[in-house]
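The values are calculated or read from the model by the stated rules, or taken from the named source; none is laboratory data. Just so it is clear, the structure is predicted and the values come from calculations on it, not from any experiment. So basically every Cβ, Gly included, is an ideal-geometry build from the backbone, and we count neighbours across all protein chains shown. Remember, those area values only see protein heavy atoms, side chains included, never the ligands or the DNA or RNA. Shrake-Rupley method; radii C 1.70, N 1.55, O 1.52, S 1.80 Å.
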Amino acid sequence: MLPGCESLVKPQWTLEKEVANKTLPPPRLAPDAVILEVTFIRVPASTNTVDSDFWNDLDETHLSAELRHRLSANGIRCGLVAGSFPDSLNTLLQSDTNTTELQGKTGDLNLNIENRNRRLQFRAGRPAQIVMSNSVKENITVITSDSDYATAERFNQAQCIFQIRTYPQGDGNVRVELIPQIHHGSPKSEFKGQDGAWLLQTQRRVKEYSLLPIDTQIAPGESLVLSATGDNKGIGRQFFVVNDDDSKTNHLLLLRLVHTQYDDLFSSATLPAN
């Protein structure tokens, strides 16, 4: 007997159609997740003065008087916006020098200054980075002030970074800690112990200004605004002045608390110590 013949029919589906028809569940946030919206605003240096309208509309007393004095001596200023932005700040946001994207996107924590507005996820107590300069500077000199003394340090291949940690509280607020750092020099490899194993890590040297921590609590919808003082000096000048010409452009850094997952009434998650 001769074997029968059967025609093969080509399947009427494609991988792209199958993927499109599958509805994936939205990603779940970790119990200790904190969502911050990070925005950079360019402003003329003449706008960022001691008595500028937008500074008058911010609350700077959320930090202690001692810390405000220490930050000011090193060229940093920090204010709090409770609720919606005042008109003076909205005017700066809508100026021609700013192209903020209102639809923030989630991304990695190594924030580049060219990405004007991003919505980022942080985990309780875990360090992350907000990069303040979009390129590595060949040489910078940083003058710091501590009480009656001033110190000058020179760094090669330097980049200004805020290390940020978040600590969600049971009442819905979040404690935010920002510490200025300068990453400098050529990358070096070294072995570090982690979870019973040795890992080879490549990183640059870090100068951390632990005496200048911006440590405060914010509620959902509130924002922190950071920039240089009007005289553009010290660490603030390196972090917030766009170029070597102090008379041109400054940056404002806005951190707005969008959402926090943590609820100590129902959550069994153990958070890092505050």
Worksheet item: Mind checking which residues of the range 162-183 are touching a helix residue (DSSP H, G or I) at 6+ places or on another chain (Cβ under 9 Å) and hydrophobic (A, V, I, L, M, F, W, C)?
Response: 162, 182
Worksheet, complete the sentence: Across the range 38-69, the tally of residues that are over 23 Å from the mean Cα position of the chain (by Cα), surrounded by 14 or more Cβ atoms within 10 Å (Cβ to Cβ) and not polar (S, T, N, Q) stands at 1
Discussion item. Given (1) surrounded by fewer than 20 Cβ atoms within 10 Å (Cβ to Cβ); (2) of a type outside the set (S, T, N, Q); (3) at pLDDT below 90, identify the lone condition not met by residue 127.
Written reply: (3)
Worksheet, complete the sentence: From the option list 113, 76, single residue qualifying as crowded, with 16+ Cβ neighbours inside 10 Å and at pLDDT below 85 is 113
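Residues of the range 32-46 being in a loop (DSSP other than H, G, I, E, B) and modelled with pLDDT of 85 or more, which ones?
Of all residues in the range 32-46, those in a loop (DSSP other than H, G, I, E, B) come to 32, 45-46.
Residue satisfying the conditions is 32 alone.
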Worksheet item: Within the range 52-66, is even one residue outside any loop (DSSP other than H, G, I, E, B), touching a Ser or Thr at 6+ places or on another chain (Cβ under 7 Å) and either modelled with pLDDT of 70 or more or within 18 Å of residue 219 (Cβ to Cβ) (or both)?
Response: yes
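Condition test on residue 235, is it surrounded by 10 or more Cβ atoms within 10 Å (Cβ to Cβ), modelled with pLDDT of 90 or more, under 30 Å from residue 172 (Cβ atoms) and not aromatic (Phe, Trp, Tyr)?
Values: surrounded by 10 or more Cβ atoms within 10 Å (Cβ to Cβ): yes; modelled with pLDDT of 90 or more: yes; under 30 Å from residue 172 (Cβ atoms): no; not aromatic (Phe, Trp, Tyr): yes.
Spelling it out, it is not the case that residue 235 is surrounded by 10 or more Cβ atoms within 10 Å (Cβ to Cβ), modelled with pLDDT of 90 or more, under 30 Å from residue 172 (Cβ atoms) and not aromatic (Phe, Trp, Tyr).
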Fill in: Scope the range 59-87; condition under 18 Å from residue 255 (Cβ atoms), in contact (Cβ under 8 Å) with a residue 12 or more places away in the chain and of a type in the set (Lys, Arg); matching residues
77
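Yes or no, residue by residue, for (1) more than 21 Å from residue 119 (Cα to Cα); (2) touching a Lys or Arg at 6+ places or on another chain (Cβ under 7 Å); (3) open to solvent by 10 Å² or more (accessible area, probe 1.4 Å):
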residue: 206; (1), (2), (3): yes, no, yes
residue: 214; (1), (2), (3): no, no, no
residue: 217; (1), (2), (3): no, yes, yes
residue: 240; (1), (2), (3): no, no, no
residue: 248; (1), (2), (3): yes, no, yes
residue: 254; (1), (2), (3): no, no, no
Worksheet item: Looking at the range 141-165, which of its residues are surrounded by 19 or more Cβ atoms within 10 Å (Cβ to Cβ) and of a type in the set (A, V, I, L, M)?
Response: 142, 158, 161, 164
Practice prompt. Of the numbered conditions (1) over 21 Å from residue 215 (Cβ atoms); (2) in a strand (DSSP E or B), residue 134 fails exactly one; give the number of that condition.
Written response: (2)
Worksheet item: Out of 229, 202, which single residue is of a type in the set (Ser, Thr, Tyr) and at pLDDT below 85?
Response: 202
